[in-house]
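J.: If you scroll down you'll find the structure; I have some questions about it.
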Amino acid sequence: MKHATILVVDDEQVVCQGCTLLLAERGHDVSTSQDSRQALALAQDQQFDVILVDLRMPGLDGMSFLRTIKDVRPDTEVIVMTGYAEIASAVAAIKLGAFDYIPKPFRPEQLVLAVDKALQTRDIRAENRYLRRELQSRYTIDTIVGNSPCMRSVYELIQQVSATNVTVLIRGESGTGKELVARAIHFSSPRKSNRFVAVDCGALHESLLESELFGHAKGAFTGATSTKKGLFEVADGGTLFLDEIAHTSLLLQAKLLRVLQERVFTPVGDTRERKTDMRLVAATNKDLEAMVAEGSFRQELFYRLNIVPITLPPLRARTDDIPALAMHFLRKFRQEAQRDVPDISPEAMQLLMDYPWPGNVRELENAMHRISVLCSAALVTPAQLPVEIGRRPSLSRSAVPTTLQELKHQRQQLRRKAVETLEREFLVEALERHQGNVSRAASEVGMHRSNFQALMRRYGIERPPREDTRAT
């Protein structure tokens, strides 16, 4: 246990002396006071890690001391001591914010254990506060890179909706950063101290997704060996982000609509309704209006979700942001590896800006990650760029066809290469959308699994690891 500052407040000198002896032996800096009012003034002026205070003292009693010090020093852990070992006193003290309660007379190990636990709890709370601040700073609107006109419009919408509880629908192609925007909305809102819970609706089977959202009672189905909270309950007071909401079934859409309208839900296998105060943010890369027209998405749910739509532009529509994004990702990955950050040559940057980026920002991030690992030079040149991103060497004079037969041959070669590039990107994008799950990727694009796998083998795309664990 690390060194800590501790204050012992008791009108009995022997108690103060005994606590000092025991705690000083463990390396703690111990102060004592037999006057509760003087002790309160000391605790208000000086920060202590732990305060031990007797409940029964002349003048200012322990309960009044506890109430005042928790208002002034909420992070200080307080342990109350009393010779009146009554449950009512313990409950009252803990309700006022005491960490623990030990009856007098107590054994040395009781005191040491109580103080150790209080210090551990204090450290955990301090670490949680630090991590929460780090998380909030990482996902605010200021961390989204890009200053193009279309992105400035997105920032304005984020700022407008963050202060409200309105439901938001984020639309855009895969890889445009929909979850990043959802997190920015949450961590810029009054709900930022509560949970942000994200679930990919396309990654879970319908029955499993329902159990995840609504929770289930023990014995609700085979394998339900215990009661489980649903995400509606976990996200109470916070934000629930439903990614790829277009993948939900019509039945689940009807249940979700009721939750949005009534703010109540019933866990699977239970009969009791639960209330939820979660804020819903949904996202999709599908044309929901077309799905409504064809009957695969409920019109009422669409209207309920589409109160405030935010549409993220594809990267090809915001090419002015590519230099800032590329350098942002390079700095991120090189700093993580504790390596110097290279510059990007004008020629390489032009190729990055000319490339259509079918995978959007996610593809650019992956490309910069690859470069950060493989490039050891101080300057990223076209030679360091991944082939598929846009190294398009012009034909040398000797390669220009001189006969009609050569022209036809080269046209065939160029067409074949273009088709191969397109097919490979088609496979990679489909796999990325489904986290490497071959079955779901093949189903989405309308191919038999065997044909999809044959194309994968043709272009040397390896079967993703642990695919069977992602199929549920």
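The values are calculated or read from the model by the stated rules, or taken from the named source; none is laboratory data. Since this is a predicted model, take the numbers as computed values, not measurements. No Cβ is skipped: glycine too gets one built from the backbone with ideal geometry, and neighbour counts run over all protein chains shown.
J.: I'm trying to understand the selection: among the residues of the range 183-196, which are in contact with a helix residue (DSSP H, G or I) (Cβ under 8 Å, 6 or more places away or on another chain) and surrounded by fewer than 18 Cβ atoms within 10 Å (Cβ to Cβ)?
T.: Ser193, Arg195
J.: Tell me which of these Glu109 doesn't satisfy, since it passes every other one: (1) exposed (fewer than 15 other Cβ atoms within 10 Å of the Cβ); (2) within 18 Å of Ser36 (Cα to Cα).
T.: Condition not satisfied by Glu109: (2).
J.: Let me ask something else about it. Where the second residue is polar (S, T, N, Q) and at pLDDT below 90 and the first is assigned to a loop (DSSP other than H, G, I, E, B) and lies in the range 11-25, which pairs have Cβ atoms under 9 Å and are six or more apart or on separate chains?
T.: Asp11/Ser36
J.: Follow-up. Leu288 versus (1) more than 26 Å from Pro356 (Cβ to Cβ); (2) over 21 Å from the mean Cα position of the chain (by Cα); (3) of a type in the set (A, V, I, L, M): which is the lone unmet condition?
T.: (1)
J.: Tell me, yes or no, whether the range 379-396 has at least one residue that is acidic (Asp, Glu), surrounded by fewer than 16 Cβ atoms within 10 Å (Cβ to Cβ), at pLDDT below 80 and under 30 Å from Gln335 (Cβ atoms).
T.: The first filter runs over the range 379-396 and keeps only residues acidic (Asp, Glu), leaving 388.
From what's left, surrounded by fewer than 16 Cβ atoms within 10 Å (Cβ to Cβ): 388.
This time we only want the ones that are at pLDDT below 80, so: 388.
Filter once more, so that each one left must be under 30 Å from Gln335 (Cβ atoms): 388.
The answer is yes, given that some residue of the range 379-396 is acidic (Asp, Glu), surrounded by fewer than 16 Cβ atoms within 10 Å (Cβ to Cβ), at pLDDT below 80 and under 30 Å from Gln335 (Cβ atoms).
J.: Would you confirm whether or not the range 51-64 contains a residue that is touching a residue at least 60 places away in the same chain (Cβ under 8 Å) and assigned by TED's automatic domain parsing to the domain that holds Gln13? Don't jump to the end; show me each part of the working.
T.: Step one: list which residues in the range 51-64 are touching a residue at least 60 places away in the same chain (Cβ under 8 Å), which gives 52.
From what is left, the residues that are assigned by TED's automatic domain parsing to the domain that holds Gln13 are 52.
Yes, the conditions are met somewhere in the range 51-64.
J.: Based on this model, can you work out whether Ala246 counts as touching a strand residue (DSSP E or B) at 6+ places or on another chain (Cβ under 6 Å) and assigned to a loop (DSSP other than H, G, I, E, B)? Can you show your working first?
T.: Values: touching a strand residue (DSSP E or B) at 6+ places or on another chain (Cβ under 6 Å): yes; assigned to a loop (DSSP other than H, G, I, E, B): no.
It is false that Ala246 is touching a strand residue (DSSP E or B) at 6+ places or on another chain (Cβ under 6 Å) and assigned to a loop (DSSP other than H, G, I, E, B).
J.: If you don't mind, there's one more thing I want to ask. I want to confirm something. Restricting to the range 441-455 and keeping residues that are in a helix (DSSP H, G or I) and among the aliphatic types (A, V, I, L, M), which single residue is nearest to Glu429 (Cα to Cα)? Explain how you work it out, then say what you get.
T.: In the first step, residues of the range 441-455 are kept if they are in a helix (DSSP H, G or I); the result is 441-445, 449-455.
Within this subset, residues satisfying the condition of being among the aliphatic types (A, V, I, L, M) are 441-442, 445, 454-455.
Details: Ala441: 9, Ala442: 11, Val445: 11, Ala454: 16, Leu455: 13 Å.
Ranking the qualifying residues of the range 441-455, first place goes to Ala441.
J.: Out of curiosity, is Ala430 part of a helix (DSSP H, G or I) and either more than 22 Å from Gly175 (Cβ to Cβ) or modelled with pLDDT under 75 (or both)? Walk me through how you get there before you give the answer.
T.: On the way: part of a helix (DSSP H, G or I): yes; either more than 22 Å from Gly175 (Cβ to Cβ) or modelled with pLDDT under 75 (or both): no.
In short, no.
J.: Only one of these is out of contact with any Ser or Thr (no Cβ under 8 Å at 6 or more places or on another chain) and among the polar types (S, T, N, Q): Ser372, Ser345. Name it.
T.: Numbers: Ser345 fails: out of contact with any Ser or Thr (no Cβ under 8 Å at 6 or more places or on another chain).
Ser372 is the lone residue from the list that is out of contact with any Ser or Thr (no Cβ under 8 Å at 6 or more places or on another chain) and among the polar types (S, T, N, Q).
J.: Among the numbered criteria (1) at pLDDT below 95; (2) out of contact with any helix residue (DSSP H, G or I) (no Cβ under 6 Å at 6 or more places or on another chain), which single criterion is violated by Phe329?
T.: (2)
J.: Restricting attention to the range 275-299, which residues are surrounded by 14 or more Cβ atoms within 10 Å (Cβ to Cβ), out of contact with any strand residue (DSSP E or B) (no Cβ under 6 Å at 6 or more places or on another chain) and charged (D, E, K, R)?
T.: Lys286, Arg298
J.: Then there is this: Here are Leu180, Leu204, Leu209, Leu169: which of them is modelled with pLDDT of 95 or more, closer than 30 Å to Val428 by Cβ and surrounded by 14 or more Cβ atoms within 10 Å (Cβ to Cβ)? Give the steps one after another, and end with the answer.
T.: Details: Leu180 fails: modelled with pLDDT of 95 or more; Leu204 fails: modelled with pLDDT of 95 or more; Leu209 fails: modelled with pLDDT of 95 or more.
Sole residue among the options that is modelled with pLDDT of 95 or more, closer than 30 Å to Val428 by Cβ and surrounded by 14 or more Cβ atoms within 10 Å (Cβ to Cβ): Leu169.
J.: Of the residues Ile79, Ile94, which single one is touching a helix residue (DSSP H, G or I) at 6+ places or on another chain (Cβ under 7 Å) and closer than 19 Å to Thr121 by Cα?
T.: Values: Ile94 fails: touching a helix residue (DSSP H, G or I) at 6+ places or on another chain (Cβ under 7 Å).
Going through Ile79, Ile94 in turn, just one is touching a helix residue (DSSP H, G or I) at 6+ places or on another chain (Cβ under 7 Å) and closer than 19 Å to Thr121 by Cα: Ile79.
J.: Return the residue satisfying two criteria in turn: it lies in the range 76-128 and is in a loop (DSSP other than H, G, I, E, B) and over 40 Å from the mean Cα position of the chain (by Cα), and of such residues it is farthest from Met63 (Cα to Cα). Walk me through it before giving the result.
T.: Just the residues of the range 76-128 that are in a loop (DSSP other than H, G, I, E, B), to begin with: 76, 83-86, 96-99, 104-107.
In the following step, the residues that additionally are over 40 Å from the mean Cα position of the chain (by Cα) were identified as 83-86, 104-107.
Working: Gly83: 14, Tyr84: 13, Ala85: 15, Glu86: 14, Lys104: 16, Pro105: 19, Phe106: 20, Arg107: 23 Å.
Among those that are in a loop (DSSP other than H, G, I, E, B) and over 40 Å from the mean Cα position of the chain (by Cα), it is Arg107.
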